[in-house]
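Structure first, then comments.
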Amino acid sequence: MGIRDFFRNRVNRMAESMDVFKKDVFELEGVPAFREYYTLFIFVWQAIYKGFYKAWHEVPLKTIRDPKGKTRTLATMNAGKMACSQMARYVWNERCSITASMASAPDDDPLDGFLQYVLKDNRFGSAFGDLLEKSFALGGGALKEWVEIPKDENGNDLGEGKVRIGYTMASQFVPTAWDNSKVTSGIFVSREARDGYYYTVVEWHHWDGTTYRITNDLYRQPIKGSEPQNILGWWYPLDKVYPLLSPDTTIEDVHQAFFQYVRPFGANYADDNSPLGMSIYAPALNTLHGLDIMFDSLQREFVLGKKRIIAPARSMKVSAGVNGSRPDRYFDADDEVWEALATDNPEDLKIYDNSVDLRVEPHITGINGDLSILCAQIGFDPGTLSFDATKGLKTATEVISENSKTFGTVKAHENLLKDALIDMVHAIFDLAVRYGLTWEGKTIESLISGGYDVSVQFDDSIIEDKNAEINRGVSLVGAGLLSKKKFMTDLLGYTPEDADNELKQISNEQRTNSVIVNRLFGGME
């Protein structure tokens, strides 16, 4: 630890002992003043996504026994999470693919083999789907790439490193610089609890001229109460907790950042000057609140609508209250002993069932009405989300056509994500070259020396009826309105060369079959 850090630590320890001068992430030098945006929007969206937003879900409850009142938790439908989950499944699933190909690639492309290994090793298929769902909820997220080299207890390298991919929610990432197309610098905030403290690492990716620089600072604060998510605490020496983490790393000749900010499609109408995205349910907060109120009312319908019996007051028994509290009156339905009541009026002896009919259907109708509004607000077709009396909140299983609203929304999200995924692949190869990584005995540098292409293929079979499209194509070919080659390339996925070869093979088979038939029936060849 240097002299500067030594005195810095002494001052911060004194501030920590007095519980003053806590550092806020937005008070760090060079960080834009986004505190209000995170507080009013991102942290609120995150609470709604988790299913408990105090302003909505903590409601007053007053009873005869507790006239001063207390609070109860409103039952939540969590339709916001359901919408984000469904949108993420439409955009990203196990059939989506990211591939790389060398300029003169053999059939078994080693460069793509290395890429697929990195993606699989980082569980990219499922992890990116999870990040995408949270990004739709919080308005964005970030991917981050680095090389992890195994080391012994003395810090010596134990072998070749591996490319790692990190997945960060919008609440743990703050952009610090951007241009018209992408975020170029930012800080990642990661928190860990140990030994009675929260330790927060602030990892800053930024540019110093043409040099790419990654700096790490550590902050800590005692675990007590619930601090806002943007509070870091006080500066603390990094090497005391993370001795293998470098406080400052510089990389020369870098053409792009080793992270990518991803966000949903749509303009940020809350802050015109911010590169941050908006939650897909940002326009639907009132609808989501209304859904929770109706869902809570439906549940309480079974509590408040339980069987009610009206019995004569003379048949009530009284038990002494505990510790001087008011006496309790009750009707003992299990008492089979005869009891005389001081009345001769038959009406005073009757017991009435005053139970009310449950209003289940009106509740479900109201919920489905709001779900249709929610679908319109987030870019789904009506009916994509619905509520069933027996199955609860569910999603549509019907196939979505190309001219549907959902299809257009999903394609807009895909187009925005494609550039970020391609940049991620470039970063993976750049790191592999810088750290001298190899694949199948060849360096990655040698594999990309002749150039390479990156392809991102989204699987739209979830939102397109492939069979219907193929059947329609067959009909058009049969009617002479579509060529066989165009049908094979556009609908069956053939390349033009493969389509030509396949059509030639089909023609040869038809000619052969014709000759065989002629021979069988004595015809001429």
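Descriptive notes on the structure:
- In the range 500-525, the residues that are farther than 24 Å from Phe487 by Cα form Cβ pairs under 7 Å with partners that are at pLDDT below 75 and loosely packed, with under 10 Cβ neighbours inside 10 Å, at six or more places apart or across chains, as follows: Val515/Glu525; Asn518/Met524; Asn518/Glu525.
- Residues (free of Cβ contacts under 8 Å to residues at least 40 places away in the same chain and among the aliphatic types (A, V, I, L, M)) located in the range 171-185: Ala177
- Whether a residue is within 28 Å of Leu291 (Cα to Cα), over 19 Å from the mean Cα position of the chain (by Cα) and surrounded by fewer than 17 Cβ atoms within 10 Å (Cβ to Cβ) was assessed, and Lys50 does not pass this test.
- Among the conditions (1) open to solvent by 80 Å² or more (accessible area, probe 1.4 Å); (2) within 30 Å of Pro237 (Cβ to Cβ); (3) at pLDDT 70 or above, Met14 misses just one, which is (3).
- Qualifying residue in the range 82-95 (condition: touching a residue at least 12 places away in the same chain (Cβ under 8 Å), touching a strand residue (DSSP E or B) at 6+ places or on another chain (Cβ under 6 Å) and closer than 30 Å to Asn286 by Cβ): yes
- Residue count for the range 79-112 under the criterion of being at pLDDT 90 or above and under 14 Å from the mean Cα position of the chain (by Cα): the result is 14.
- Selection over the range 119-130 of residues that are surrounded by fewer than 23 Cβ atoms within 10 Å (Cβ to Cβ), among the hydrophobic types (A, V, I, L, M, F, W, C) and either over 27 Å from Phe265 (Cβ atoms) or in contact with a helix residue (DSSP H, G or I) (Cβ under 9 Å, 6 or more places away or on another chain) (or both) gives a count of 2.
- Long-range neighbours under 6 Å by Cβ, at least six apart or interchain, first residue modelled with pLDDT of 95 or more within the range 43-60, second assigned to a helix (DSSP H, G or I) and among the basic types (Lys, Arg): Tyr49/Lys81
- Residue that is farthest from Val147 (Cα to Cα), among those in the range 441-474 that are at pLDDT 85 or above, exposed (fewer than 15 other Cβ atoms within 10 Å of the Cβ) and out of contact with any strand residue (DSSP E or B) (no Cβ under 7 Å at 6 or more places or on another chain): Val474
- From the list Val433, Val425, the lone residue that is farther than 28 Å from Ser135 by Cβ, assigned to a helix (DSSP H, G or I) and either of a type outside the set (Ser, Thr, Tyr) or at pLDDT below 85 (or both) is Val433.
- Qualifying residue in the range 360-369 (condition: among the hydrophobic types (A, V, I, L, M, F, W, C), modelled with pLDDT under 85, open to solvent by 30 Å² or more (accessible area, probe 1.4 Å) and under 30 Å from Pro283 (Cα atoms)): yes
- In the range 475-485, the residues that are assigned to a helix (DSSP H, G or I) and either surrounded by 14 or more Cβ atoms within 10 Å (Cβ to Cβ) or in contact with a helix residue (DSSP H, G or I) (Cβ under 7 Å, 6 or more places away or on another chain) (or both): Leu476, Val477, Lys484, Lys485
- Beta carbons closer than 8 Å, at least 6 apart along the sequence or on distinct chains, pair a first residue in the range 157-170 that is farther than 16 Å from His205 by Cβ and without any contact (Cβ under 8 Å) to a residue 24 or more places away in the chain with a second that is open to solvent by 80 Å² or more (accessible area, probe 1.4 Å) and not in a loop (DSSP other than H, G, I, E, B) for Asp157/Lys151; Leu158/Lys151.
- Whichever residue in the range 370-405 is acidic (Asp, Glu) and outside any loop (DSSP other than H, G, I, E, B) and, among such residues, is modelled with the lowest pLDDT: Asp388
Each row is one residue, and each column tells you yes or no for (1) in contact with a Gly (Cβ under 8 Å, 6 or more places away or on another chain); (2) closer than 25 Å to Val44 by Cβ; (3) of a type in the set (Phe, Trp, Tyr).
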{"residue": "Pro150", "(1), (2), (3)": "yes, no, no"}
{"residue": "Gly159", "(1), (2), (3)": "no, no, no"}
{"residue": "Lys162", "(1), (2), (3)": "no, no, no"}
{"residue": "Ala170", "(1), (2), (3)": "yes, yes, no"}
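- Meets criteria (under 24 Å from Val91 (Cβ atoms) and exposed (fewer than 13 other Cβ atoms within 10 Å of the Cβ)) for Ala257: no
- If the condition is being within 28 Å of Ser135 (Cβ to Cβ) and exposed (fewer than 13 other Cβ atoms within 10 Å of the Cβ), then the range 215-248 contributes Ser226, Pro228.
The values are calculated or read from the model by the stated rules, or taken from the named source; none is laboratory data. Here the structure is a predicted model, which means the values were calculated and not measured. Neighbour counts are summed over all protein chains in view; Cβ atoms, including those assigned to glycine, are modelled from backbone coordinates with ideal geometry. Remember, those area values only see protein heavy atoms, side chains included, never the ligands or the DNA or RNA. Shrake-Rupley method; radii C 1.70, N 1.55, O 1.52, S 1.80 Å.
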